[in-house]
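One structure is given here, and the rest of the page talks about it.
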Protein chains: 2
Amino acid sequence: MARERKFTDDQLFQATKQMIIQDGYEAFTFSKLASILNVSRGSIYKYYENKDELISEFLMYEMNRFLHEFHKLDKSGDFQTQFELLIDFIFEQSNMHQVLEIIQQIPANTTKRVENNKNRLNEYHIDMYQQLQGLIDLGRKENIIKNHLPTALLLGMTFQTIAIPNHFNISQEEWIASIKEVLIHGMLKKE
Amino acid sequence: MARERKFTDDQLFQATKQMIIQDGYEAFTFSKLASILNVSRGSIYKYYENKDELISEFLMYEMNRFLHEFHKLDKSGDFQTQFELLIDFIFEQSNMHQVLEIIQQIPANTTKRVENNKNRLNEYHIDMYQQLQGLIDLGRKENIIKNHLPTALLLGMTFQTIAIPNHFNISQEEWIASIKEVLIHGMLKKE
DNA sequence: GTTCAAAGTGACACTAGTGTCACTAAAAAT
DNA sequence: ATTTTTAGTGACACTAGTGTCACTTTGAAC
């Protein structure tokens, strides 16, 4: 086995996540990462040829973790129950939103490993989207969702809610309950 | 007046906008800007000490333009009319969303001119927020908005809708109409 | 204890950006 | 035509990052 490693993949990915969530893709550098991990920059190149490769591996890792949690969600209730569980889940995994946005920023023209990861990330994304589509379809089968609203919009609006800045520090509980209320029944009182 | 300028502020801001919308704050460089404007990098330093200063001036310019348009909106109708006009307006000005996000990314510890601009941008932001708050208050006075929903959330959800990716290229018209429908009445049919 | 394979290092050459400044160019004022 | 004033230039020194590689370190296997 030879020499012991000074850092695990988990440590590396955790540090990467923190850097990316805080400052975004561009601000991520091997230098900063190396200093967080207390190793020399050169040692990271033993495992990743460059930044794009490292980040694409990180995204695979995060995506796997996320999908694993996602699949554990209870799929037995009716539409509204499952929809509310989904929103709770999205808020539990709130920084996943920032992580997923990074996928778009990986440039083309890199190594095969990166291209490979990008393709697999896309497949994962489609897989997840299909499951969510299944949830909306359930609502349609129950005949409670307005027929003319596009599925893509309903999912988009749902996911986008986690990016709304809560400047006034309204409690998480009230915040989430209000989001559910608006998405499901709208902001206006019933006449 | 001496020698003629090779580029106007408008040209400079337009090029800046394009670069920032396409690639974000970090990717903006004096080198690229200079090459778009067909001047030497050095000449831009005649007007702006550095990137932060240039971008903060650009944001002032954009914000002024945006607020000017905003103030022209018809404020005479009832809540629902004005709200729908607001959403139409937001989509007309859709890249303003990306522009506003840049404000957060200007670092601290720069020149006084930058600090000054940041403060004024904040004031503008508050000004706009108060007007929007006025709109929500109108809805409350008309007694048609559910009382328990926080104003900040309603505005947040409204503004966030422009960032929803329309991957399936649903027509702008249908997209906006659906957003209005969900925000106002929710995704579920009335029982 | 020797060997050897993998982990880690730090110096090197390179790139792409920054900010400055003495200098040149051009248009307006005299 | 000369002067003045401002616009613009490009070379210079600097910084912060990249990717590489010969070399050192370490721990397990023999």
**Q.** Single match in B:F70, B:F83, B:F91, B:F79 (criterion: under 27 Å from B:A27 (Cβ atoms), in contact (Cβ under 8 Å) with a residue 60 or more places away in the chain and among the hydrophobic types (A, V, I, L, M, F, W, C))
**A.** B:F91
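Taking the conditions exactly as written (more than 14 Å from chain A (Cβ to nearest Cβ), aromatic (F, W, Y), outside any helix (DSSP H, G or I) and surrounded by 13 or more Cβ atoms within 10 Å (Cβ to Cβ)), does B:F13 satisfy them or not? Give the derivation first.
Values: more than 14 Å from chain A (Cβ to nearest Cβ): yes; aromatic (F, W, Y): yes; outside any helix (DSSP H, G or I): no; surrounded by 13 or more Cβ atoms within 10 Å (Cβ to Cβ): yes.
For B:F13, the condition - more than 14 Å from chain A (Cβ to nearest Cβ), aromatic (F, W, Y), outside any helix (DSSP H, G or I) and surrounded by 13 or more Cβ atoms within 10 Å (Cβ to Cβ) - is not met.
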Q | Condition broken by A:I36, with the remaining ones in (1) away from chain B (no Cβ under 14 Å); (2) away from DNA strand D (no atom under 16 Å from the Cβ) satisfied | A | (2)
Q | Selection within the stretch A:134-166 - within 24 Å of the chain's Cα centre (by Cα) and loosely packed, with under 15 Cβ neighbours inside 10 Å | A | A:G134, A:D137, A:A163, A:P165, A:N166
(Q) Filter the stretch A:15-47 down to the residues that are aliphatic (A, V, I, L, M), more than 11 Å from DNA strand C (Cβ to nearest atom) and under 21 Å from A:T110 (Cβ atoms) and list them by number. (A) A:M19, A:I20, A:A27, A:L33
Q.
Take B:L153 and tell me if it is within 26 Å of A:A177 (Cα to Cα) and either in contact with a strand residue (DSSP E or B) (Cβ under 7 Å, 6 or more places away or on another chain) or not β-branched (V, I, T) (or both).
A. yes
Q: With the condition kept exactly as written, say whether any residue in the stretch B:48-58 is more than 15 Å from DNA strand C (Cβ to nearest atom) and away from chain A (no Cβ under 14 Å).
A: no
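Identify, from the list B:L121, B:L154, the residue that is of a type outside the set (D, E, K, R) and more than 26 Å from B:Q22 (Cα to Cα).
Details: B:L121 fails: more than 26 Å from B:Q22 (Cα to Cα).
One residue alone meets the criteria, B:L154.
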Q) Any residue in the stretch B:142-165 that is within 13 Å of another protein chain (Cβ to nearest Cβ), farther than 26 Å from A:L154 by Cβ and in contact (Cβ under 8 Å) with a residue 40 or more places away in the chain? A) yes
Q) If you go through the stretch B:136-148 one residue at a time, do you hit one that is of a type in the set (A, V, I, L, M, F, W, C) and within 30 Å of B:Y47 (Cα to Cα)? A) no
Q | Those residues of the stretch A:167-178 which are within 7 Å of chain B (Cβ to nearest Cβ), surrounded by 13 or more Cβ atoms within 10 Å (Cβ to Cβ) and either in contact with a helix residue (DSSP H, G or I) (Cβ under 6 Å, 6 or more places away or on another chain) or aliphatic (A, V, I, L, M) (or both), in sequence order | A | A:I170, A:S178
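So how many residues does the stretch A:1-14 have that are under 17 Å from A:N95 (Cβ atoms) and within 14 Å of DNA strand C (Cβ to nearest atom)? Before the answer, list the steps.
The first filter runs over the stretch A:1-14 and keeps only residues under 17 Å from A:N95 (Cβ atoms), leaving A:10, A:13-14.
So of that shortlist, the ones also within 14 Å of DNA strand C (Cβ to nearest atom) come out as A:10.
So the answer is 1.
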Q. Hey, among A:L54, A:L67, A:L73, A:L100, which residue is within 22 Å of the chain's Cα centre (by Cα), at pLDDT 95 or above and under 17 Å from A:Y129 (Cα atoms)?
A. A:L73
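Could you say which residue among A:M63, A:M19 is more than 16 Å from DNA strand D (Cβ to nearest atom) and either in a helix (DSSP H, G or I) or at positive phi (or both)? Working first, answer last.
Details: A:M19 fails: more than 16 Å from DNA strand D (Cβ to nearest atom).
It is A:M63.
The values are calculated or read from the model by the stated rules, or taken from the named source; none is laboratory data. Only a predicted model underlies this, so the values are computations on that prediction, with no experimental measurement involved. Here the Cβ is made from the backbone with ideal geometry for all residues, glycine too, and neighbour counts use every protein chain on show.
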